[in-house]
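Working notes, structure below.
The values are calculated or read from the model by the stated rules, or taken from the named source; none is laboratory data. Owing to the predicted nature of the structure, the values given are computational and were not obtained by experimental measurement. Reconstructed Cβ throughout: ideal geometry from the backbone, glycine too, with neighbour counts over all protein chains shown. When the accessible area is computed, the model is the full protein with side chains, heavy atoms only, and any ligands, DNA or RNA have been set aside. Shrake-Rupley method; radii C 1.70, N 1.55, O 1.52, S 1.80 Å.
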Amino acid sequence: MWNSGLEKAKIREAWLDIAKCFGIILVVLNHMDVNIPIVTFFGGMFYMPLFFVAAGYTYRNRGGNLRSYALGKAKRLLIPYAVCNIFLFAFFTWRTGEFSKPALLGIFYSRSMLMTSESSWNMAIMPYLNAPTWFLTCIFLCLCLYFIIDRKFQDVKMRRIAVACCMAVGIILKYASPALLPWSLENVLYFSGLLELGRFLGEEGMEWLRKNEWIYANFFIVFVALSYINGSVNVSISQYGRSMVLYFFAGALGSLLCMKAAELIEKYLTFLTKPLSFVGRHTLPILCWHLFVIEMVRTILGMFGM
């Protein structure tokens with residue numbers, strides 16, 4: 001997934017893996033309902049955008065056609081998605097002795113719920129500890145969409161206008177549709193902007209920021225303000241707080257701050273580089289299996305009265 005796909009040429013940048021490590025830790029804490037004051041609130045603003053920015057950072061137009069590109073991404077993203085979901089569906093069907101049609105629908109629909117949170121009627125359709133895997137289908141489509149845009153618009157300004165239009169359509173779909181769209185289609189369009197941001201950072205933005213580090217203080221102040229103004233979010237069910245626009249900028253700034261923190265750790269706390277970057281290189285299996293592992297550990301501990 002974002003592990004193999006986030007390699008820049010033949011050189012893997014440790015600080016980027018460290019940033020992804022921070023992201024996946026925040027994902028796990030959120031899914032465990034662990035509330036660490038300040039950390040979980042502000043982390044919730046950027047832990048998902050961070051992975052899109054990271055994907056854009058290492059994106060390179062190497063030619064080829066959409067079919068070959070999509071097949072490559074499918075091997076890294078959709079095969080793990082299928083393996084994880086089929087196993088969990090089979091395991092819990094065996095464990096409960098019931099065949100759940102909604103749960104089977106959830107695998108193909110790739111959303112944890114059918115309707116938005118504002119709907120008076122709803123149905124959970126990814127109940128078997130597989131809800132986090134929605135991200136794999138979402139980023140797969142997002143990368144394919146971005147590839148199409150990149151091939152269609154060679155001019156940078158035109159490409160960015162096309163991305164902005166996609167984001168606008170995603171925002172319209174989010175507010176116009178009472179249902180959550182399959183494979184997070186509204187999120188796919190919306191997050192294409194974060195891929196573009198990541199690409200800008202990879203091509204020239206990070207080098208400029210390294211020469212103007214004073215700007216991170218401004219980023220931090222604006223990030224904190226936007227986070228408080230926008231409020232809590234849950235992207236998996238299209239809850240973006242007060243505004244999708246505010247969330248985009250909060251997520252982008254939070255990602256930049258996280259990436260800078262990762263750079264500083266690589267530079268000054270070198271003893272942490274290897275363990276943190278190791279975790280960052282294995283975010284895909286952690287994403288897929290962490291809820292199942294946590295549940296199994298809890299079950300075993302419960303058997304011993306712990």
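Brief remarks follow.
- In the full protein context, region 29-103 carries 54 Å² of accessible surface per residue, based on a 1.4 Å probe and ignoring ligands, DNA and RNA.
- Charge dipole magnitude, Cβ of K and R +1, D and E -1 - region 151-306, Cα centre, debye nearest 20: 160
- Rounded if a/c under 1.5, otherwise prolate or oblate - the chain, Cα gyration tensor axes: rounded
- Cα centroids of region 42-78 and region 149-198: 14 Å apart.
- A straight Cα-to-Cα reach below 17 Å connects LYS267 with the aspartates and glutamates GLU13, ASP17, GLU207, GLU213, residues fewer than 8 places away in its own chain not being considered.
- Region 182-273: GluC sites (Glu not before Pro) in DSSP coil with no more than 13 other Cβ atoms inside 10 Å: GLU213
- The accessible-area ordering, largest first, of the residues MET113, MET206 stands as MET113, MET206, per a 1.4 angstrom probe.
- Sulfur and carbon atoms: percent of accessible area, region 190-256 [1.4 Å]: 64
- In this view, the solvent-accessible surface of TYR228, computed with a 1.4 Å probe and all protein chains in place, comes to about 150 Å².
- Rounded if a/c under 1.5, otherwise prolate or oblate - region 246-303, Cα gyration tensor axes: oblate
- Rounded, prolate or oblate (a/c below 1.5 giving rounded, otherwise prolate when a/b exceeds b/c) for region 40-114 by Cα gyration tensor: oblate
- Separation of the alpha carbons by more than 24 angstrom is noted, of LYS75/LYS260; LYS211/LYS260; LYS73/LYS174, for LYS75/LYS260; LYS73/LYS174.
- Cross-link partners of LYS20 among aspartates and glutamates, defined as those whose alpha carbon lies under 15 angstrom from its own and excluding same-chain residues fewer than eight positions apart: GLU7, GLU263, GLU266.
- Computed from backbone phi with θ = phi - 60° and the Karplus coefficients 6.51, -1.76 and 1.60, the 3J(HN,Hα) list for region 44-51 is x, 6, 9, 5, 7, x, 3, 6 Hz; x is used for glycine and proline.
- For region 106-225, the Cβ-based charge dipole about the Cα centre amounts to some 180 debye (Lys, Arg positive; Asp, Glu negative; other atoms uncharged).
- Probe 1.4 Å, protein heavy atoms only - accessible area per residue of region 143-287 in square angstrom: 49
- For region 1-130, the carbon plus sulfur part of the accessible surface works out to 66%, probe radius 1.4 Å.
- The H on the amide N of LEU181, modeled in the peptide plane, is under 5 Å from the matching H of GLU186, each at least 5 residues off or on a different chain.
- Unit charges at the beta carbon, dipole of region 14-91: most positive-side option, PHE87, PRO37, THR58: THR58
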